[in-house]
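Peer 1: The structure that follows is given in the form of structure tokens.
The values are calculated or read from the model by the stated rules, or taken from the named source; none is laboratory data. Computed from a predicted model, the values in this text were never measured in an experiment. Here the Cβ positions follow ideal geometry from the backbone for every residue, glycine too, while neighbour counts run over all protein chains shown.
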Amino acid sequence: MLTPFLTTVRLFLHILAASIWVGGQIVLAGLVPAVRGNATVTKALANQFNRLAWPSYFVLLATGVWNMFAVHFWAMDSAWQTVLWIKIGLVLLSGLAAWLHTKSKSSAGLAVWGSVTALSALAAMFMGIMLATSV
Ligand code: HEM
């Protein structure tokens with residue numbers, strides 16, 4: 001049987017935003033070495049990515065809350081809920097680290113906060129799939 005239309009829209013928006021927030025970071029990390037040494041181009045790439053990434057992050061938060069209500073999170077068992085709360089913690093960490101990354105002036109700060117942003121986002125994505133496949 002086909003999934004109801006609104007469920008498809010909800011998951012489509014959640015996954016589209018996740019693919020930009022998570023996949024965009026991986027693609028950017030892959031492109032930056034090609035323009036290293038040219039600070040103007042590196043900065044321009046990072047700024048343009050920020051314009052896509054932050055709206056995607058807020059779409060993730062909004063559709064994430066929509067997911068919680070759609071799957072009746074309060075009726076899930078405690079293991080499922082624990083994974084969800086850990087996932088939400090990782091999402092908030094990813095946003096905070098991304099913000100600190102944009103404010104960093106040192107290359108160590110950029111590297112540390114950039115890595116924390118990407119790793120926590122990847123872990124959140126992994127947990128999202130755990131949640132969706134155990135509904
Ligand atoms: C970095 C941010 C996030 C990423 C990368 C992410 C990724 C994902 C992915 C890939 C899925 C699986 C969808 C599927 O295959 O059906 C998912 C499901 C889910 N996500 Fe997220 N998510 C993020 C943020 C959030 C937030 C902030 C919340 C809650 C406020 C949330 C709640 C959920 C729930 C409840 C599901 C299960 C939905 C269902 O089974 O219908 N997510 N997430």
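Peer 1: Pairs, please: C-beta under 6 Å, at least 6 apart or cross-chain, first residue on the phi < 0 side of the Ramachandran plot and in the range 76-97, second surrounded by 13 or more Cβ atoms within 10 Å (Cβ to Cβ) and not aliphatic (A, V, I, L, M)?
Peer 2: Pairs that qualify, where the first residue is on the phi < 0 side of the Ramachandran plot and the partner is surrounded by 13 or more Cβ atoms within 10 Å (Cβ to Cβ) and not aliphatic (A, V, I, L, M), are Leu90/Ser120; Leu93/Ser120; Ser94/Thr117; Ser94/Ser120; Gly95/Tyr57; Ala97/Trp113; Ala97/Thr117.
Peer 1: Considering the range 1-24 alone, what residues qualify as being more than 10 Å from the ligand (Cβ to nearest atom), in contact (Cβ under 8 Å) with a residue 40 or more places away in the chain and in contact with a Phe, Trp or Tyr (Cβ under 9 Å, 6 or more places away or on another chain)?
Peer 2: Scanning the range 1-24 gives a single hit, Leu13.
Peer 1: Has the range 78-90 got any residue that is surrounded by fewer than 17 Cβ atoms within 10 Å (Cβ to Cβ), of a type in the set (Val, Ile, Thr) and within 15 Å of the chain's Cα centre (by Cα)?
Peer 2: Yes; the residues of the range 78-90 include at least one that is surrounded by fewer than 17 Cβ atoms within 10 Å (Cβ to Cβ), of a type in the set (Val, Ile, Thr) and within 15 Å of the chain's Cα centre (by Cα).
Peer 1: Still on this structure: Out of the residues in the range 91-132 that are near the ligand (Cβ under 7 Å from one of its atoms) and of a type outside the set (Gly, Ala, Ser), state the one that is nearest to Arg51 (Cα to Cα). Spell out how you get there, then give the answer.
Peer 2: Narrowing the range 91-132 to residues near the ligand (Cβ under 7 Å from one of its atoms): 91, 94, 121, 124-125, 128-129, 131-132.
Filter once more, so that each one left must be of a type outside the set (Gly, Ala, Ser): 91, 125, 129, 131.
Working: Val91: 18, Met125: 21, Ile129: 26, Leu131: 29 Å.
Looking at residues that are near the ligand (Cβ under 7 Å from one of its atoms) and of a type outside the set (Gly, Ala, Ser), I get Val91.
Peer 1: Considering only residues of the range 56-75 that are closer than 24 Å to Ala97 by Cα and either hydroxyl-bearing (Ser, Thr, Tyr) or free of Cβ contacts under 8 Å to residues at least 12 places away in the same chain (or both), which is nearest to the ligand (Cβ to nearest atom)?
Peer 2: Residue satisfying both the conditions and the ranking: Val65.
Peer 1: Can I ask one more? Assess whether Leu93 counts as being modelled with pLDDT of 95 or more and within 29 Å of Thr8 (Cβ to Cβ).
Peer 2: no
Peer 1: Within the range 102-120, does at least one residue satisfy the condition of being touching a residue at least 12 places away in the same chain (Cβ under 8 Å), within 30 Å of Thr3 (Cβ to Cβ) and part of a helix (DSSP H, G or I)?
Peer 2: Checked the range 102-120: at least one residue is touching a residue at least 12 places away in the same chain (Cβ under 8 Å), within 30 Å of Thr3 (Cβ to Cβ) and part of a helix (DSSP H, G or I).
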